[in-house]
Amino acid sequence: MKKICMALVGLSLAFASVAQPAKKASIEQLMQLTGAGDLSAQMMNQMLPAMQQMIPDAPPTFWDTFKQELDANELMKMIIPVYQKHLSEEDIQAILAFYSTPAGKKLISAQPAIMQESMMIGQQWGQQVFMRAKQKFDAMSAAQPQ
């Protein structure tokens, strides 16, 4: 009896210490709520002009048909395992609970503007860093004898 109790306690601890991966349905709900479910459409809109330049001979009808054939959920299905890898079902439920609060809803609505403005700031910063590097390199090159 003592051995059985010890075995049950051991199994209970083992199962308790292993985080259960988040369920697909919970992740899909989170992705839809946060707008991550629209990622494939956003990415296609960003990629399409580059693709059109790489295949310049393709007529507009080709691109119209190509876009219609794409499964918008394909990327989402590919991303779900990433969420499962990093978040447990308990994590997802806590995140969903937060996003159901007024602060969570505010974050969801503000996030696109925050990301857009942050990207612009990041681009400006990158240009400034490049200019500093170029100025430093130019000064170093000018100081060296030819």
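Observations, loosely collected:
- Taking (1) within 27 Å of Gln29 (Cβ to Cβ); (2) assigned to a helix (DSSP H, G or I); (3) not hydrophobic (A, V, I, L, M, F, W, C) in turn, Ser141 satisfies each apart from (1).
- Members of region 84-100 that are polar (S, T, N, Q) and in contact (Cβ under 8 Å) with a residue 24 or more places away in the chain: Gln84, Ser88, Gln93
- Total residues in region 50-77, condition closer than 30 Å to Ser26 by Cβ and either in a loop (DSSP other than H, G, I, E, B) or within 20 Å of the chain's Cα centre (by Cα) (or both): 8
- Tabulated pairs, region 113-137, first free of Cβ contacts under 8 Å to residues at least 12 places away in the same chain, second in a helix (DSSP H, G or I), C-beta under 9 angstrom, 6+ apart or interchain: Ile114/Leu107
- Condition check for Asp57: surrounded by 10 or more Cβ atoms within 10 Å (Cβ to Cβ) and among the charged types (D, E, K, R): no
- Met131 being more than 25 Å from Ala22 (Cα to Cα), over 19 Å from the mean Cα position of the chain (by Cα) and either outside any helix (DSSP H, G or I) or outside the structural domain of Gln32 (by TED's automatic domain parsing) (or both): yes
- Test result for Gln84, touching a strand residue (DSSP E or B) at 6+ places or on another chain (Cβ under 8 Å) and either part of a helix (DSSP H, G or I) or modelled with pLDDT of 85 or more (or both): yes
- Ala50 being over 30 Å from Asp91 (Cα atoms), surrounded by 12 or more Cβ atoms within 10 Å (Cβ to Cβ) and of a type in the set (Gly, Ala, Ser): no
- Condition check for Lys106: on the phi < 0 side of the Ramachandran plot, surrounded by 10 or more Cβ atoms within 10 Å (Cβ to Cβ) and touching a residue at least 12 places away in the same chain (Cβ under 8 Å): no
- Within region 104-144, being among the aliphatic types (A, V, I, L, M) and under 19 Å from Gln32 (Cβ atoms) holds for Leu107, Ile108, Ala110, Met115.
- Inspection of region 28-38 finds a residue satisfying the criterion of being acidic (Asp, Glu), assigned to a helix (DSSP H, G or I), surrounded by 13 or more Cβ atoms within 10 Å (Cβ to Cβ) and at pLDDT 90 or above.
The values are calculated or read from the model by the stated rules, or taken from the named source; none is laboratory data. Keep in mind the model is a prediction, meaning the values are calculated, not measured. FYI the Cβ positions are ideal-geometry reconstructions off the backbone, even for glycines, and counts take in every protein chain you see.
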